[in-house]
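The values are calculated or read from the model by the stated rules, or taken from the named source; none is laboratory data. Just so it is clear, the structure is predicted and the values come from calculations on it, not from any experiment. Neighbour counts are summed over all protein chains in view; Cβ atoms, including those assigned to glycine, are modelled from backbone coordinates with ideal geometry. These area figures cover heavy atoms from the full protein model, side chains too; ligands, DNA and RNA do not enter into them. Shrake-Rupley method; radii C 1.70, N 1.55, O 1.52, S 1.80 Å.
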Amino acid sequence: MATRYGFIYAHPDDETFLSACLIRELADQGEAPVLLLATRGDAGRQGLERAANREELAQLREEEMKAAAEVLGLADVEHLGWPDGQLAMIDFEDLVAGVIAFIQKHELEILFSFAEDGGNGHPDHVTISKATTAAVLSGQCPSVRKLYYASSSTLRANGHKSSIVVDTEANWKMKAAALQAHATQHVAIAKYFGDLAAFPEERRFEAFVLGWQDGVMWPKPEIAAQLEE
């Protein structure tokens, strides 16, 4: 029986920046990874260069996400539809409820999300990370066995080593195609990855830290290694 994998992020393109090759590997192995996005990505000046208003931008980014999902092999993509850039200002319990509903619907076993610092401190990233953790700890998602956080400088500084590391070089053309699908975000993509025609050695690895398993939160490295066995 296939393991049920879920990725929970804030905006369309987060999944490709952080986990494109991992998602594709799972799909190629016969899994059916699914994605939940807290927003439709309706904010941002670079996106509004191509859309008349935020609603039009949201629709455009949903279409971009559909194209990227086909490249990545995602079995399903869902949007909670909260306002982009404002997750920290909405009712937190409502956000958590949406995450719980998604996990329950797909009976997810393995989850991936941002680290608590959001990777880059973005308030939306931070908030969806906290909401995902709260959902797992709520007792309402008994199917979940493991929760991973995308590795960040804060996690590394605190001694948390990556439990999953994916070398993206072999699948770079696929990841680049998924990034290109998010065309409204070309400025941020170029800033982070450079010219997509060239493999970015400095962005070579997608890495994830085991944050929770079987009721153990933030296990020490030696305990995490035992849990992974």
- [ ] Mind listing just one residue for me: the one in the stretch 163-183 that is touching a strand residue (DSSP E or B) at 6+ places or on another chain (Cβ under 8 Å) and modelled with pLDDT of 95 or more and, of those, most open to solvent (accessible area, probe 1.4 Å)?
- [x] VAL165
Open item on the list: Against the condition open to solvent by 60 Å² or more (accessible area, probe 1.4 Å) and under 27 Å from HIS186 (Cα atoms), how does GLU93 come out, does it pass?
Closed with: no
TODO: Scan the stretch 112-126 and give yes if some residue there is open to solvent by less than 10 Å² (accessible area, probe 1.4 Å), assigned to a strand (DSSP E or B) and under 20 Å from VAL34 (Cβ atoms), otherwise no.
DONE: yes
TODO: Mind checking which helices (runs of 4 or more DSSP H) fall wholly inside the stretch 1-104 and carry at least 3 residues that are among the charged types (D, E, K, R)?
DONE: 14-28, 54-72
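When the residues of the stretch 34-56 are filtered to those that are crowded, with 23+ Cβ neighbours inside 10 Å and over 16 Å from the mean Cα position of the chain (by Cα), which remaining residue is modelled with the highest pLDDT?
Filtering first and then ranking leaves ASP42.
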TODO: Scan the stretch 194-210 for residues that are in contact with an Asp or Glu (Cβ under 9 Å, 6 or more places away or on another chain) and either aromatic (Phe, Trp, Tyr) or open to solvent by 80 Å² or more (accessible area, probe 1.4 Å) (or both) and report the count.
DONE: 3
Task: So ALA27, is it open to solvent by 30 Å² or more (accessible area, probe 1.4 Å) and not β-branched (Val, Ile, Thr) - done: no
TODO: Go through (1) under 22 Å from PHE193 (Cα atoms); (2) in contact with a Gly (Cβ under 9 Å, 6 or more places away or on another chain); (3) among the hydroxyl-bearing types (Ser, Thr, Tyr) and name the single condition SER162 misses.
DONE: (2)
Task: Subset tally (residues that are touching a strand residue (DSSP E or B) at 6+ places or on another chain (Cβ under 9 Å), hydrophobic (A, V, I, L, M, F, W, C), more than 18 Å from ALA20 (Cβ to Cβ) and open to solvent by 50 Å² or more (accessible area, probe 1.4 Å)) for the stretch 58-90 - done: 2
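Within the stretch 152-179, can you find the residues that are among the charged types (D, E, K, R) and either under 18 Å from the mean Cα position of the chain (by Cα) or in a helix (DSSP H, G or I) (or both)? Reasoning before the result, please.
Restricting attention to the stretch 152-179, the residues satisfying the condition of being among the charged types (D, E, K, R) are 156, 161, 167, 169, 173, 175.
Correct list: ARG156, ASP167, LYS173, LYS175.
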Open item on the list: Show the residue pairs meeting these rules: Cβ distance below 8 Å; 6+ apart or different chains; first residue within the stretch 93-116 and without any contact (Cβ under 8 Å) to a residue 40 or more places away in the chain and under 24 Å from ALA207 (Cα atoms); second residue part of a helix (DSSP H, G or I) and among the basic types (Lys, Arg).
Closed with: GLU116/LYS130
Task: Enumeration of residues in the stretch 130-146 that are crowded, with 21+ Cβ neighbours inside 10 Å and free of Cβ contacts under 8 Å to residues at least 40 places away in the same chain - done: ALA135
- [ ] Run TYR149 past the list (1) part of a strand (DSSP E or B); (2) surrounded by fewer than 19 Cβ atoms within 10 Å (Cβ to Cβ) and report the number of the one that doesn't hold.
- [x] (2)
Open item on the list: It is to be established whether one or more residues within the stretch 184-191 are under 13 Å from the mean Cα position of the chain (by Cα), closer than 21 Å to ASP13 by Cβ and at pLDDT below 95.
Closed with: no
